[in-house]
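Enquirer: Here's a structure for you.
Please treat every number below as a calculation from the coordinates, not as lab data. Quantities reported herein were computed from a predicted structural model and do not represent experimental measurements. Cβ atoms come from the backbone with ideal geometry, glycine included; neighbour counts cover every protein chain shown.
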Amino acid sequence: MPDAGPSSAPESEAPLLVVDHASKSFGAVRALEDGWIELRRGEAHALVGENGAGKSTLVKILAGVYRPESGRVLLDGVEVVFDTTAQSHAAGIAIIFQEPTLFPDLTVAENVFIGSQPLRSGRRIDRRRMRREVELLFDQLGVKLDPDRIARGLSIADQQIVEIAKALSTDARVIVMDEPTAALTQTEVDRLFRVVETLRARGAAVLFISHRLDEVFALCQRVTVMRDGRHVVTEPVAETSTQKLIHAMVGRDLDALFPKVVAEVGATVLKVDRLTREGVFTDVSFSVNAGEIVALAGLVGAGRSEVARAIFGIDRPDAGGVEVNGRRLPPASPNAAMAAGIGFVPEDRRQQGLVMPISIERNMALASLDRLRRFLLIPRLSERRFASEWATRLQLRYGRLSDPASSLSGGNQQKIVLAKWLARRPSLLIVDEPTRGIDVGTKAEVHRLLSDLANEGVAILMISSELPEVLGMADRVIVLFEGRISGEFDRSEASEVSIMRAAAGVATEAAA
Amino acid sequence: MSASEATVPVAQRARAHSVAEAIVRFRELGIVLALVIVVGGTAIDNHLFLSATSLQQLLSGAAIVALLAIGETLVIVTRNVDLSIGSILGLSAYMTGDIYVHNPHAPIGVVLLAGAGLGLVCGAVNGAIVTLCRVPSLVVTLGTLYVIRGIDASWAGGNQVGAFSLPDSFNSIGYGKVFGVPYLGIVTIICVAAATYAMRQFRPGRDLYAIGSNPEAAHLAGIPVDRRVFSAFALSGLIAGVSGVLWLSLYGSVDSTAGTGYEFEVIAAVVVGGVAIFGGSGSVLGAALGALLLNTIANSLVVINVSSYWDQAFQGGLLVIAIAFDRLISLRLAPALRTRRSTRAAG
């Protein structure tokens with residue numbers, strides 16, 4: 001191990017980890033047909049593919065959650081079988097799951113060390129050391145989080161950071177990151193990348209799963225593409241291109257990722273006037289016109305989602321007001337917001353956008369019950385007709401409309417949430433991170449959908465942490481920094497540099 | 001220029017947040033405060049409430065419920081519930097009486113071991129059905145509550161074992177004292193202290209909290225979820241079995257109805273003591289203090305001449321208030337925690 005340099009792992013050496021022709025099915029669904037991956041020491045290896053390509057199943061095999069029906073897992077050239085997650089941990093494999101898996105009632109420090117807390121005499125937990133080590137990890141990640149606070153209420157980005165700290169704490173040899181950057185801002189992503197470099201220098205292998213191909217090229221040495229549960233290709237990133245990867249992932253070429261059409265701008269739909277919620281955001285004023293897509297950009301924690309929540313009436317603002325189509329909304333009333341024609345697609349679709357255990361059709365109809373209702377009853381048939389109409393329009397990929405929403409992939413779940421609100425024909429649609437954790441193909445569809453909506457005259461307020469998305473989609477960009485508007489740019493003025501400067505608070509004087 | 005304006009509300013929020021968190025973290029203090037108010041208020045009405053005999057009664061009376069509350073806390077913290085403890089206590093108490101009827105010179109150690117063994121078996125059955133068959137514990141232990149009570153009833157029939165059948169050495173556990181402190185009180189205090197410490201300081205204890213807080217994540221973190229849940233039920237049963245023996249030594253006579261309804265008294269104590277009914281948080285110390293508080297209120301009602309019929313209404317009311325309080329705190333706390341990234345500097 002000491003001799004193995006960061007990027008100079010000799011070819012002759014046996015690979016650190018190999019998943020060899022693994023397969024796994026659930027009932028009739030073959031989630032993994034022929035999974036193959038090879039990780040070398042000191043390598044950052046990307047695993048890409050559309051949702052449903054079998055990446056998550058492969059990860060869960062490494063985690064000891066699933067046992068493959070056929071095929072083998074080789075660690076250091078020796079076949080290993082993980083029956084439990086504990087065995088996978090013990091073998092030096094750490095996994096950062098896509099959905100944060102924290103314990104809300106435990107402290108941040110305990111969350112990092114659960115099951116492997118540092119001990120002192122008598123097998124007692126050494127809390128002081130635990131705290132110190134967590135602080136060290138957070139310093140390494142460059143974040144300020146109180147190790148003693150309970151995890152309940154942490155933002156998704158902070159939860160992700162705790163997950164990353166958890167994986168780093170174990171001195172693992174193989175670190176699997178399933179979409180670790182989905183909720184992070186650029187600064188946090190940069191820090192994560194530096195951590196990955198440190199891990200590589202230690203001789204660990206990092207399996208990096210991401211839908212952001214630019215990150216794949218920036219971070220990884222090799223990339224493996226999967227499609228329909230099968231291994232498609234593994235090659236050095238230096239020998240491939242975004243276009244080639246996308247082609248391998250979807251089996252066809254995609255047109256431009258952001259099919260933005262500039263629509264005709266109509267009357268003002270939303271007018272936000274000096275909206276303030278103490279300690280969260282201050283004096284936020286802007287407007288959105290019909291046919292316009294306005295992006296709300298900024299770092300995570302700048303108050304973007306909170307502004308959206310206040311507009312929709314979830315949180316009560318301390319001062320200021322919201323007007324829709326010239327009429328002032330009563331504060332803190334989502335019902336009034338809906339009646340005024342606002343649709344809201346929240347950031348956390350699993351928690352706030354969907355009722356996971358109930359069927360696709362019911363989820364879709366949920367916001368339109370008043371229209372489907374006959375007296376006090378909701379006829380099943382009209383619910384189904386309604387759902388299948390929208391499923392076709394949004395090109396939803398599903399088994400049966402009566403399947404639970406949880407059976408769908410992330411991208412298709414997002415389409416249900418969109419359908420739910422689109423069916424109400426909103427005059428203003430607020431979308432919070434509309435494409436987070438969604439594969440490229442579906443992402444383009446969501447973008448096209450938003451673009452079409454704007455064309456039909458819907459005003460769209462979009463919150464996004466992905467700069468390419470903001471630049472590609474928005475007619476105007478409003479940037480928040482620590483709860484205040486720090487910049488506003490037209491499509492022509494907006495650039496990565498101008499937005500990042502405003503988001504970091506650099507351009508404050510210029511904007512004010 | 002705007003920096004000072006911006007920091008003021010943040011600091012206030014930080015303070016509000018830390019106060020809210022302190023209430024949650026030191027829930028035990030609140031119960032102690034309630035205890036002081038109840039005892040003080042009653043003592044003003046009747047100073048005998050603070051006499052040694054009265055305090056001894058308070059302690060002994062609360063001891064059994066507090067012991068049972070230890071086991072119940074272990075189970076509730078894992079997002080489960082054990083309704084069978086009252087029946088286990090009853091069966092163990094009757095078995096103890098029966099041992100003495102047939103064998104008047106049985107050593108106390110053997111009797112305690114028998115009670116513990118019986119409880120352990122009952123608890124293990126609960127745990128096995130919950131973990132192996134994936135049946136919700138509410139259903140499993142509601143079933144075993146009746147099954148065990150049925151076994152007790154068919155064994156005891158209409159029989160009653162009275163104090164005259166029990167050796168003096170045994171009865172003395174119930175009323176004996178060291179320096180004026182009842183044995184039962186001492187045993188309970190030691191057990192509560194040990195369990196509180198263990199739940200805080202050892203990995204298996206933390207595992208129980210983790211399981212109750214997020215079962216799915218506990219599984220992914222490599223925690224042996226089933227083994228821990230099984231152990232919690234087994235321990236709860238064991239404690240109920242031992243409590244049955246102690247119960248008999250305190251009350252001196254037993255029939256087939258012994259311990260009926262104890263499960264609800266214990267769950268009320270646990271919840272009033274700040275253990276979240278859906279798992280993940282709360283302490284054994286809090287649960288034991290909850291038991292002491294409920295018992296003290298019951299006694300104080302007698303002292304201030306409120307009909308004892310009101311006792312149950314008070315207990316029920318307190319239970320609802322405790323749960324409502326918990327919900328309120330977590331509802332108020334969640335936004336306070338969400339609004340900003342807590343920093344080390346602030347903490």
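Enquirer: In whole angstrom, how far apart do the alpha carbon centroids of region A:66-115 and region B:86-111 sit?
Expert: Result: 48 Å between the Cα centres.
Enquirer: Normalising by the residue count of chain A, find the relative contact order in percent from Cα pairs under 8 Å and 6+ residues apart. Intermediate values should be presented prior to the final figure.
Expert: On the way: 1050 pairs, mean separation 77.9, N = 512.
Reported relative contact order: 15 percent.
Enquirer: Please work out the FRET efficiency for the pair A:Arg316 and B:Asn103, using the Cβ-Cβ distance as r and a Förster radius of 56 Å; give the result to the nearest 0.05.
Expert: Details: r = 71 Å, r/R0 = 1.27.
So the FRET efficiency works out to roughly 0.20.
Enquirer: In region A:178-314, if every C-alpha pair distance is counted and binned at 10 Å from zero, what percent goes to each bin?
Expert: Histogramming region A:178-314 at 10 Å steps yields 9, 27, 25, 22, 15, 2 percent.
Enquirer: Report the paramagnetic label zone for A:Thr187: residues of region A:142-166 whose backbone N is under 17 Å from a point 7 Å from Cα along the Cα-to-Cβ axis.
Expert: Residues A:142-146, A:155-162 qualify, since their backbone N sits under 17 Å from the label point.
Enquirer: Per the helix-only calculation at 222 nm, which mean residue ellipticity applies to chain B, given -39500 (n - 2.57) for every DSSP H run of n ≥ 4 and division by its residues, nearest 500 deg cm²/dmol? Please report the intermediate quantities before stating the final value.
Expert: Numbers: 14 runs with 265 residues, N = 347.
Mean residue ellipticity, 222 nm, calculated: -26000 deg cm²/dmol.
Enquirer: Still on this model: In region A:335-381, if every C-alpha pair distance is counted and binned at 5 Å from zero, what percent goes to each bin?
Expert: Computed distribution, short to long bins: 5, 17, 23, 25, 20, 10, 1.
Enquirer: With the crude spin-label approximation of a point 7 Å out along Cα→Cβ, what separation in nm comes out for B:Val178 versus A:Val262?
Expert: Simple spin-label model gives 8.8 nm for this pair.
Enquirer: Here's another thing I want to ask about it. Indicate the gyration tensor shape class of region B:127-189 (rounded, prolate or oblate), computed on the Cα atoms with a ≥ b ≥ c the square roots of the eigenvalues: a/c under 1.5 is rounded; otherwise a/b larger than b/c is prolate and the rest oblate. Could you put the intermediate results ahead of the total?
Expert: Numbers: a/c = 4.57, a/b = 1.63, b/c = 2.80.
Verdict is oblate for region B:127-189.
Enquirer: Relative to the longest principal axis of the C-alpha atoms of chain B, give the angle of the C-alpha long axis of helix B:183-201, reported between 0 and 90° and rounded to the nearest 10°.
Expert: Relative to chain B, helix B:183-201 is tipped by roughly 40 degrees.
Enquirer: Here's a follow-up. Give me A:Val81, A:Val345 sorted ascending by neighbouring Cβ count inside 10 Å, so fewest comes first.
Expert: Numbers: A:Val81 10, A:Val345 23.
Sorted ascending by nearby Cβ count, the order is A:Val81, A:Val345.
Enquirer: Whole-Hz Karplus ³J(HN,Hα) for region A:316-322, in order, using 6.51 cos²θ - 1.76 cosθ + 1.60 and θ = phi - 60°, x for Gly and Pro?
Expert: Couplings: 8, x, 7, 8, x, x, 10 Hz.
Enquirer: Can you give the helix-only mean residue ellipticity at 222 nm for chain A, where every DSSP H stretch with n ≥ 4 adds -39500 (n - 2.57) and the sum goes over all residues, rounded to the nearest 500 deg cm²/dmol?
Expert: Numbers: 18 runs with 168 residues, N = 512.
Calculated from helices alone, the mean residue ellipticity at 222 nm is -9500 deg cm²/dmol.
Enquirer: Counting other Cβ atoms within 10 Å, which trypsin sites (Lys or Arg not before Pro) in region A:32-97 have at most 15 and lie in a DSSP loop? Let's see the in-between values first.
Expert: Working: sites: A:Arg40, A:Arg41, A:Lys55, A:Lys60, A:Arg72; in loops: A:Arg40, A:Arg41.
Answer by residue number: there is no such site.
Enquirer: Quick one: P(r) of region A:23-101 from all Cα-Cα pairs, 5 Å bins, percents rounded to integers, in order of increasing distance.
Expert: Going from the shortest bin to the longest, the percentages are 3, 13, 25, 27, 21, 9, 2, 0.
Enquirer: Roughly how many whole Å is it from the C-alpha centroid of region A:436-457 to that of region A:192-221?
Expert: 29 Å
Enquirer: Residues of region A:418-437 with the amide nitrogen closer than 20 Å to a label point 7 Å from the Cα of A:Leu369, along Cα-to-Cβ, please.
Expert: A:418-426
Enquirer: Using only alpha-carbon positions, what ratio does the radius of gyration of chain B give when scaled by 2.2 N^0.38 Å?
Expert: Numbers: Rg = 22.1 Å, N = 347, 2.2 N^0.38 = 20.3 Å.
In units of the 2.2 N^0.38 Å rule of thumb, it is 1.09.
Enquirer: If I take the Cα coordinates of region A:431-478 and project them onto the principal axes, what are the three extents in Å, biggest first?
Expert: 27, 22, 16
Enquirer: With angles folded into 0 to 90 degrees, how steeply does helix B:108-133 sit against the dominant principal axis of chain B? Use alpha carbons for both and round to 10.
Expert: Between helix and principal axis, roughly 50 degrees.
Enquirer: What's the Kirkwood radius of region B:183-315 in Å, using all Cα pairs?
Expert: Details: mean 1/r = 0.0599 Å⁻¹.
Its Kirkwood hydrodynamic radius stands at 16.7 Å.
Enquirer: To continue, here is another question. Report the Cα-based extents of region A:355-425 along its three principal axes, largest first, to the nearest Å.
Expert: Over region A:355-425, Cα extents along the principal axes are 35, 24, 18 Å.
Enquirer: So what J values fall out for region A:160-175 if you push phi through Karplus, 6.51 cos²θ - 1.76 cosθ + 1.60 with θ = phi - 60°, rounded to Hz, Gly and Pro as x?
Expert: Here the 3J(HN,Hα) series is 4, 5, 4, 4, 5, 4, 4, 5, 5, 5, 8, 6, 6, 8, 10, 10 Hz.
Enquirer: What's the Kirkwood radius of region B:94-240 in Å, using all Cα pairs? Don't skip to the end; give the middle numbers.
Expert: Numbers: mean 1/r = 0.0560 Å⁻¹.
Roughly 17.9 Å, rounded to one decimal.
Enquirer: Next question, about the same structure. Per residue, what volume in Å³ does the convex hull of the Cα atoms of region A:104-153 enclose?
Expert: Numbers: hull volume 3.6 nm³, N = 50.
Hull volume normalised by residue count: 71 Å³.
Enquirer: Based on a Kirkwood Rh over C-alpha pairs, give the Stokes-Einstein translational diffusion coefficient of chain A at 37 °C and viscosity 0.692 mPa s in µm²/s. Each step should come with its number before you reach the end.
Expert: On the way: Rh = 24.4 Å.
This corresponds to a translational diffusion coefficient of 135 µm²/s.
Enquirer: Calculate the FRET efficiency for A:Glu235 and A:Gln140 from the Cβ-Cβ distance with a Förster distance of 30 Å, rounded to the nearest 0.05. Kindly include the intermediate steps, with their values, before the conclusion.
Expert: Details: r = 31 Å, r/R0 = 1.05.
Efficiency at R0 = 30 Å is approximately 0.45.
Enquirer: Just want the ordering: A:Lys420, A:Lys443, A:Lys415, from fewest to most Cβ atoms lying within 10 Å of their own Cβ. List each step's numbers first, then the result.
Expert: On the way: A:Lys420 21, A:Lys443 24, A:Lys415 28.
Ordered from fewest to most neighbouring Cβ atoms within 10 Å, A:Lys420, A:Lys443, A:Lys415 come out as A:Lys420, A:Lys443, A:Lys415.
Enquirer: Let me ask another. Would you mind pulling out the separation of the Cα centroids of region A:130-185 and region A:373-425, in Å?
Expert: 37 Å
Enquirer: Given a Förster distance of 51 Å, report the FRET efficiency between B:His47 and B:Ala194 from their Cβ-Cβ distance, rounded to the nearest 0.05.
Expert: Details: r = 35 Å, r/R0 = 0.68.
Computed FRET efficiency for B:His47 and B:Ala194: 0.90.
Enquirer: Using alpha carbons only, how many degrees (0 to 90, rounded to 10) separate the axis of helix A:410-422 from the longest principal axis of chain A?
Expert: For helix A:410-422, the angle is close to 10 degrees.
Enquirer: Just for the Cα atoms in the protein assembly as shown, what are the lengths along the principal axes, largest first, rounded to whole Å?
Expert: So the three principal-axis extents are 96, 70, 60 Å.
Enquirer: In addition: Modelled label-to-label distance, B:Ile304 and B:Gln160, 7 Å Cα→beta-carbon offset: nm?
Expert: 3.4 nm
Enquirer: So who's got an amide H within less than 5 Å of the one on A:Ser486, skipping anything under 5 residues away but keeping other chains? H placed 1.01 Å off N, in plane.
Expert: A:Val479, A:Leu480, A:Phe481
Enquirer: Still on this structure, I have one more. Anything over 27 Å Cα to Cα? Flag those among A:Lys55/A:Lys415; A:Lys166/A:Lys443; A:Lys60/A:Lys166; A:Lys144/A:Lys420, in the order listed.
Expert: Values: A:Lys55/A:Lys415 21 Å; A:Lys166/A:Lys443 30 Å; A:Lys60/A:Lys166 17 Å; A:Lys144/A:Lys420 38 Å.
Long pairs (Cα-Cα over 27 Å): A:Lys166/A:Lys443; A:Lys144/A:Lys420.
Enquirer: How large is ³J(HN,Hα) for each residue in region B:148-161, as worked out from phi by the Karplus curve 6.51 cos²θ - 1.76 cosθ + 1.60 (θ = phi - 60°), to whole Hz, x for Gly and Pro?
Expert: So the J values, rounded to whole Hz, are 5, 4, x, 4, 4, 5, 6, 6, 6, x, x, 5, 9, 9.
Enquirer: Please arrange A:Met500, A:Met364 by how many other C-beta atoms lie within 10 Å of their C-beta, fewest to most. Let's see the in-between values first.
Expert: Working: A:Met500 18, A:Met364 31.
Fewest-to-most ranking of A:Met500, A:Met364: A:Met500, A:Met364.
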